[in-house]
Amino acid sequence: MLYLEASGLEGISVLDSVKLKGDGDFKFKQPRPESPEFYRLRVDEKVINFSVDSTEAIQVKAPYVDFSTAYTVEGSDNSQKIKELTLKQIRLQNSADALMGALRSNKVGHDQFEDSLVNLIQKYKDDVKVNYIFAAPNTAAAYFALFQKLNNYLIFDPLNSKDDVKCFAAVATSLNNSYPHATRSKNLYNIVIKGMKNTRKPQTQSLEIPQEKIVETGIIDIALRDVKGSIRKLSDLKGKVVLLDFSVFQSPAGAPHNLLLRELHNKYAAQGLEIYQVSLDADEHFWKTSAGNLPWICVRDGNGIYSSNVAVYNVRQMPSVFLINRNNELKMRGEDIKDLEAAVKSLL
């Protein structure tokens, strides 16, 4: 059974279906969209994504076995670009999965894993930005590129990354010029406004650390609310080995990073390890939902990447980890740690 589905803003909906005959020929008819829209052909769980505007007649040919990757599409340059982006995303996901496998089999260390994953994602984004988004921001392919995912999270983050907001803004401006009344244009514009608000740099001012935030050992204290609304202070954890973590949950690196933290917590919490995780997510509801069942201290800094906590700890990338000994002394930062588990054990 072959399904024709619409990829709408509210999710996937079935438009039509047909039982394929022996020769595999099929035809679907739907009202033409007023502005470019996105659709899927699906057999079982195999999917072909494509776009349609009001002037295109598209022909798709696909083998059953490699339905999602070995198909050809004629009559739509956008749909051809969407295929290229899909294949690139599949290769990116495979590389990320292989990297995770290497970590689990101890072929690479935590530090190498984090750096390699960040580099993989950045290389992918640089390619897509130049060749698909900024090259033709008025196309359906550029819009499609904005919403690709890795590990089920958006690769381009319109809420937490000011550079990614620029990509969304370029496409939003072009779509609004061509299709000002389209629902997608209005939705994209709203995303950009929210992203610009979240990532706007505050007015420049000198960073002054209140004396009460510096405890006797010299560590800079952090006091933020957890998912239940309670204030949790970093300095209250004196007597434990603390892994201080700055993360964005709503990112491709967030889920595998939290998996690593969970493994460390499971192994060493009974020996005195505590994790103090600072979320910089713009979406508070998403953070609460994601962090609600985690067994360590999860707090959120609503100032995001421009918070004073990020500045005083000189956080350079996401995620970033720091190790604090039982005396509340900062001992190691992530870029100096080659083996995170060994570093934790050395402080316990």
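Which value in deg cm²/dmol, rounded to the nearest 500, describes the helix-derived mean residue ellipticity at 222 nm for the chain, given -39,500 (n - 2.57) per DSSP H run of n ≥ 4 and division by the residue count? Rounded to the nearest 500, the figure is -11500 deg cm²/dmol. Here the convex hull built on the C-alpha positions of the chain has a volume of 157 cubic angstrom per residue.
For the cross-link pairs 240/338; 107/331; 107/345; 125/331; 88/186, the ones whose C-alpha atoms lie over 24 Å apart are 107/331; 125/331; 88/186.
Amide H contacts of residue 331 (H built 1.01 Å from N, in plane; Pro and chain starts excluded): 323, 324, 325 sit under 5 Å, all sequence-distant by 5 or more or on other chains.
Express in nm, to one decimal, how much length is gained between residue 1 and residue 186 on full extension, taking 0.36 nm for each residue of separation and deducting their alpha carbon distance.
63.1 nm
Sequentially through segment 148-161, phi angles give Karplus couplings (6.51, -1.76, 1.60; θ = phi - 60°) of 6, 10, 10, 6, 6, 10, 4, 6, 8, 9, x, 9, 10, 10 Hz, Gly and Pro residues having no value and appearing as x.
When the dipole is taken about the Cα centre of the chain, and only Lys, Arg (+1) and Asp, Glu (-1) are charged at their Cβ, what size is it in debye, to the nearest 20?
240 debye
Need one word for segment 2-198: rounded, prolate or oblate. Basis is the Cα gyration tensor (sqrt eigenvalues a ≥ b ≥ c); a/c below 1.5 gives rounded, then a/b vs b/c decides. In terms of gyration-tensor shape, oblate. Compared with the dominant principal axis of the Cα atoms in the chain, helix 162-178 is inclined by about 30°. Here residue 238 is the anchor, and the aspartates and glutamates within straight C-alpha reach of less than 14 Å, apart from those fewer than 8 places off in the same chain, are 216, 221, 274, 329.
Taking a point 7 Å from the Cα of residue 61 along the Cα-to-Cβ direction, the residues of segment 9-42 with backbone N closer than 18 Å to it are 21-28.
Length gained on full extension, residue 327 to residue 115: 73.4 nm, using 0.36 nm per residue less the C-alpha separation. In the chain, the longest principal axis of the Cα atoms and the axis of helix 183-199 are about 20 degrees apart.
Rg/Rh for segment 223-346 (Cα atoms only, Rh after Kirkwood) is 0.92. Summing charges over all other residues whose Cβ lies under 12 Å from the Cβ of residue 82, with Lys and Arg as +1 and Asp and Glu as -1, gives +2.
Only the coordinates and a few stated rules stand behind these numbers; no lab work does. Only a predicted model underlies this, so the values are computations on that prediction, with no experimental measurement involved. As a convention, Cβ positions derive from the backbone with ideal geometry for all residues, glycine included, and neighbour counts pool all protein chains shown.
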